[in-house]
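First comes the structure, then the notes that go with it.
The values are calculated or read from the model by the stated rules, or taken from the named source; none is laboratory data. Computed from a predicted structure; not experimentally measured. Note that we place each Cβ from the backbone using ideal geometry, even for glycine, and neighbour counts take in every protein chain shown. Side chains included, ligands, DNA and RNA excluded: accessible areas come from the protein's heavy atoms. Shrake-Rupley method; radii C 1.70, N 1.55, O 1.52, S 1.80 Å.
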Amino acid sequence: MAESTGGTASAGGDLTVVHLMRHGEVHNPQGVLYGRLDGFHLSELGQQMARLVAVHLESNDITHVVASPLERAQETAAPVAADHGVTITTDARVIESENRFEGRTVDVLSLLHPRNWHLFSNVTKPSWGEPYEQIAVRMLAAVADARDAARGHEAVVVSHQLPVWTVRNKLEGRRLWHDPRKRECTLASLTSLTYRGDELLSITYSEPAARLLARASRSVGA
């Protein structure tokens, strides 16, 4: 998709943009699938990513900033909120998805161990975590509220990879189950939804922190 541009909402008057942002890199040296666990903060690189996105959005007409209650999302949202003089609204509907592997150090061999086979009985649901449809419903509701709060302006909603990718698939009319390796939602990326009134006009994707991605760890988490 084309890269998003700044100032979209203010250029049209009746346009509203909701930027869905994935948090920056997390300090996770043990490679834990942290999911919804507390205590996982941005790494130094993750903090740099958050600041880069804040600089990228500095001239945008942002009037509303939302974040998942998890530390990594709150810390990612902080520079954007500070730059625009707004407080962060915490919304549990944009939290990471539930996952039965949460808290484990996982790799391919451990995932495919016979004790876990029952968790892979339905990849389209998925059977190992929160149903994709449930994720889509809560994310759509949160996006609608963010759009309403920022009417005629722009909002930033800091969430997590799977929720952002799921709601994008829903809005684009694609199936929700997918190959996780093919998600277009890198660390600190922006999936920007432009609305005229309540009508979705476009979805654009950009990576303001792209130059830092090569230095990011390959640990699990999201």
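Work through the residues other than residue 214 whose Cβ is under 15 Å from its Cβ and net out their charges, Lys, Arg +1 and Asp, Glu -1.
+1
Determine the shape class of the stretch 27-70: with a ≥ b ≥ c the square roots of the Cα gyration tensor eigenvalues, call it rounded for a/c under 1.5, and otherwise prolate if a/b is greater than b/c, oblate otherwise.
Verdict is oblate for the stretch 27-70.
Could you provide, to the nearest whole Å², the per residue accessible area of the stretch 100-141 with probe 1.4 Å?
62
Which listed residue (79, 21, 153) has the Cα farthest towards the positive end of the charge dipole for the chain, taking +1 on Lys and Arg C-beta and -1 on Asp and Glu C-beta about the Cα centre?
Ranked along the dipole, the leading option is 21.
Can you tell me the relative contact order of the stretch 25-149? Whole percent, Cα pairs under 8 Å, sequence separation 6 or more.
26
For the stretch 1-145, compute Rg over Rh where Rg is the Cα radius of gyration and Rh is the Kirkwood radius from the inverse mean 1/r over Cα pairs.
My calculation of the ratio gives 1.03.
Quick check on the chain: helices-only [θ] at 222 nm, where DSSP H runs of length 4 and up contribute -39,500 (n - 2.57) each and the sum goes over total residues. Nearest 500, please.
Here the helix-only value at 222 nm equals -9000 deg cm²/dmol.
Once you charge only the Cβ atoms, +1 for Lys and Arg and -1 for Asp and Glu, what is the size of the charge dipole of the chain about its Cα centre, to the nearest 20 debye?
About 800 debye.
For the chain, which whole-number percentage of the solvent-accessible area (1.4 Å probe, protein heavy atoms only) is attributable to carbon and sulfur atoms?
Roughly 53 percent of what the probe reaches on the chain is carbon or sulfur.
How big is the gap, in Å, between the Cα center of the stretch 16-67 and the Cα center of the stretch 139-193?
Cα centroid of the stretch 16-67 versus Cα centroid of the stretch 139-193: 14 Å apart.
Is the shape of the stretch 128-215 rounded, prolate or oblate, going by the alpha carbon gyration tensor and its root eigenvalues a ≥ b ≥ c, with a/c under 1.5 for rounded and a/b larger than b/c for prolate?
The shape class here is oblate.
Given an 8 Å cut-off on Cα distances and at least 6 residues of separation, report the relative contact order of the chain as a percent.
Averaging sequence separation for qualifying contacts and normalising by length gives 35 percent for the chain.
Provide, as a two-decimal number, the C-alpha radius of gyration of the stretch 70-222 over 2.2 N^0.38 Å, N being how many residues it has.
The reported ratio for this selection is 1.12.
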